[in-house]
Structures are given as structure tokens and as C-alpha cells.
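A.B. asks: Supplied in C-alpha cells, the structure appears directly below.
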Amino acid sequence: MKKISSIILVFALIITNTNLSFAGDKENSNLNISSKSVILMDVGSGQVLYEKNSHEKLPPASVTKVMTMLLICEALDSGKIKIDDQVQVSEVASSMGGSQIFLEPGETQSVDTLLKGIAVASANDACVAMAEYIAGSVESFVDMMNAKAKELGMNDTHFVNTNGLPVDNHYTSAYDIATMSRELLKHDRISKYLTTWMDSVVVGKKQSTIGLANTNKLIKHYQGATGVKTGFTQQAKYCLSASAKRGDTHLVAATLGAETSQERFKDASSLLNYGFANYESVKLCSRDDKISTLTMEKAEEEKISLVAKDDLSVLIKKGDSKEFTKKIKVYEESKLPIKKGTVLGIVEVYRGKDKIGEVELVNNKDINKASYLKMLQRVIDNML
């Protein structure tokens, strides 16, 4: 069992009279939203700023690929695959219809090319090729998608394929789309793909050059756009996950079931405009910032630095102010060795009695058990 030691600190930042219930504020009634289901969420904290039917289960079309890209990024970050790995394209992958980069069976393409095809051109064939490469089969990859959705608390979601092509029992919600989009945006490597406006890839036995144009028009036309993904089928209609960042404020708007492409972009722009006009993020720490120290007498190094696993920020209304309280909880682990990146504590941020944010603490290097000689030396030093 983990023992927990807590340290309570008060931020020097003063913030008073802040309303935590952002979604449903009176200002939201001025938004003219036509999409069937929408949400506006703060990327840093997950705070919901506006919602309309945000938990309604609907087909997401190609916005499904947000989860596909997330699992690719996780496989890259873990070292399971590398960006320059060569992936052989199967008959199944090459047979995908809809948006594609026209991969041919038997050809090989780099992970970099396939990820670019997914992010920029919404390539269904590239999705299947990557799914087979990472998991061995599309079915196994879909199991990974649903497991990740469950891990993220995406309770309105069930995936059946990797790309969002029409199929029964494949659904999600605006809330869940924003949730997985937040998670994807944590991966720095995806940014260059999501924000590419135009590019090209060379595919097929004849080495044909295929031009790519980003399906997310906000990348070119909205200030600070950072992603994420469009989608369309006759059943799902026009869908979009759109994110943008200005200063430290990073927002994501998800829209489902718009009647036209123009409506989804208008709705997303309106939501983002509302968010940037009325709220701002306060960054409390950055990923890898040293937050606390864990003392482990049996470790090779007694003092273990604990760093933030991710950035930590909170969202406030512009002009509001109140005092934040930070609670640091450190788990007193006893089992050694401990691998780098193990969660050994947590930082929780409170405004009054309400918890408004948290970030896990991890060790930034492996923790090994001290040798008997080193332990003996410590005993002698303590005696002296």
C-alpha cells in the first residue's frame, strides 16, 4: 500500500470571485450554434466552457482518426515503433475507399509518410496500414482504441474501425472528441502534421506524387489554429474537432452533425472566439519542472527529484482573481528498482474547497537499489 505525505502550498497568484461553473453562463446564450452537438473545452485543464448536447452519441466520421493518431503517437513515444520505420501495405489497407493516398498492396511507406497522410489528407488506407503495423490486425488495434477510450473516461464512445467509415455501432460524443483531442495535443510531435496546410507524398510502384491539402480549413484561416480533424459521411454529416492557441490559452471546439461544411467551421470559430474573448489560462508549471523531492533511504541516491508529468494550467475568467492552493502528495514507495517515469505523487490545485486541476509527479531517471557497501557507509555517516 502506498503511504502518502502531503505538502500544502499557497500560490502567490491572487484570483478572487471566480465562477467555476463556466458552461451554461449567460454569455453563452448569445452564441448562434447550428450543429447538432458541440462543446468548447480548455485543453490545459479540461474545463468545459460551453456545451450543447455534448454527451449525445453520434457517428463521428473521420474525426475517429484523432484516436488513431493518438495511439500512433503513444507507440512512437514508447519506442514501440520509430518514425522512419518502413510499413508494408496490405491488400486490406489498399482497398479502403473514401479519402486516401492511393497506397498499393506490397509497397512500403515510412511511419512519417503514413502519419502525414492521416493528419493532413484524412487517409483511410494509411490508418489501416498503421493499425496493422502497430497491433498486427485492425481488430486488435480497434481493441486498443476502445481500451484507450475507457482509460480516458470516454463513456459515450465505441469504436468499430480506425477511420470512421460508416458502420453500425461506431459512435462517440462531442465531449469525448474534445477529451481525446486534448490527449493528442499533449504529444508535441503531432503538431507539425496537424498544422501542415499543403504537402505531398510519393506512393505506388510508379512513385507517383500525390498532393495533400489539409481538410481543416481553419489551419489557414483561424489565428493560432493547432488542429485537429474534420469528418464527413452522409450519416454523420459534417463534423470537426478544432483547436487553437493564443498565449497560454489553448482551446478545443468539437462539433457534430452540421448540415454543411461551412456551418461546422462557423460554429467552431464562434466557440473559439467566445473562449478567447472571455477566458485565459494561467500556467502553473511546465512538463519536467521539478516540483518535489522524495527521500528513499534504500535507493542508490537518497534524494529523488519528482517532476511534473505534463503542463499544469488553470482557466479563469478575464478580470477575475482568487488565491490558489497547491497540495503536493508524495507516495512513499518501498519497492526498488523503480523505472523512470513512474508516478510517485500528484499535485492538486484548489480554489477554496474545489479542486480545479492536477498533474502527476514522476521520477526523471531510474531509481536503483543501493549496494550493501553504500548502505553501510550511510549508517556510519549517520552515527558520526
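A.B. asks: Can you tell me which residues in region 162-201 are under 23 Å from Asp84 (Cα atoms) and assigned to a loop (DSSP other than H, G, I, E, B)? Let's see the steps before the verdict.
C.D. replies: Kept after step one, since they are under 23 Å from Asp84 (Cα atoms), are these residues of region 162-201: 162-163, 184-201.
Of everything in region 162-201, those that are under 23 Å from Asp84 (Cα atoms) and assigned to a loop (DSSP other than H, G, I, E, B) turn out to be Thr162, Asn163, Lys186, His187, Thr195, Thr196, Trp197.
A.B. asks: How many residues are assigned to a helix (DSSP H, G or I), of a type in the set (A, V, I, L, M) and in contact with a strand residue (DSSP E or B) (Cβ under 6 Å, 6 or more places away or on another chain) if we restrict to region 41-68? Full working, then the answer.
C.D. replies: Initially, region 41-68 is screened for residues assigned to a helix (DSSP H, G or I), giving 61-68.
The next check asks that each one be of a type in the set (A, V, I, L, M); those that pass are 61, 63, 66-67.
With in contact with a strand residue (DSSP E or B) (Cβ under 6 Å, 6 or more places away or on another chain) added as a condition, the list becomes 61, 63, 66.
Selection size over region 41-68: 3.
A.B. asks: Are there strands (runs of 3 or more DSSP E) fully within region 227-337 with at least 2 residues that are in contact with a Cys (Cβ under 7 Å, 6 or more places away or on another chain)? List them. Break it down stepwise before answering.
C.D. replies: Working: elements: 237-246, 249-258, 279-285, 290-295, 303-308, 312-317, 325-332.
Hits in region 227-337: 249-258.
A.B. asks: Turning to a different aspect of this structure: Give me the pairs, please: first residue somewhere in region 369-381 and in the same structural domain as Thr295 (by TED's automatic domain parsing), second residue anywhere and assigned to a helix (DSSP H, G or I) and surrounded by 11 or more Cβ atoms within 10 Å (Cβ to Cβ), beta-carbon distance under 8 Å, and either six or more positions apart or on two chains.
C.D. replies: Ala370/Arg378
A.B. asks: Conditions: (1) out of contact with any His (no Cβ under 9 Å at 6 or more places or on another chain); (2) surrounded by fewer than 23 Cβ atoms within 10 Å (Cβ to Cβ). Val38 meets all but one. Number of the miss?
C.D. replies: Going through (1) out of contact with any His (no Cβ under 9 Å at 6 or more places or on another chain); (2) surrounded by fewer than 23 Cβ atoms within 10 Å (Cβ to Cβ) one by one, Val38 breaks only (2).
This table checks each residue for (1) under 21 Å from Asp248 (Cβ atoms); (2) outside the structural domain of Asp248 (by TED's automatic domain parsing); (3) among the basic types (Lys, Arg).
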{"position": "Arg264", "(1), (2), (3)": "no, no, yes"}
{"position": "Asn273", "(1), (2), (3)": "yes, no, no"}
{"position": "Ser305", "(1), (2), (3)": "no, yes, no"}
{"position": "Asp311", "(1), (2), (3)": "yes, yes, no"}
{"position": "Val314", "(1), (2), (3)": "yes, yes, no"}
{"position": "Lys318", "(1), (2), (3)": "yes, yes, yes"}
{"position": "Ile338", "(1), (2), (3)": "no, yes, no"}
{"position": "Glu358", "(1), (2), (3)": "yes, yes, no"}
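A.B. asks: Right, here's the next one. Report yes if Ala93 is over 27 Å from Asp310 (Cβ atoms), modelled with pLDDT of 95 or more and more than 21 Å from the chain's Cα centre (by Cα), otherwise no. Break it down into steps so the answer makes sense when it comes.
C.D. replies: Numbers: over 27 Å from Asp310 (Cβ atoms): yes; modelled with pLDDT of 95 or more: yes; more than 21 Å from the chain's Cα centre (by Cα): yes.
Yes; evaluated as a whole, the condition is true for this residue.
The values are calculated or read from the model by the stated rules, or taken from the named source; none is laboratory data. Bear in mind that the values here come from a model prediction, so they are computed numbers and not experimental data. We place every Cβ from the backbone using ideal geometry, glycine too, and count neighbours over all the protein chains shown.
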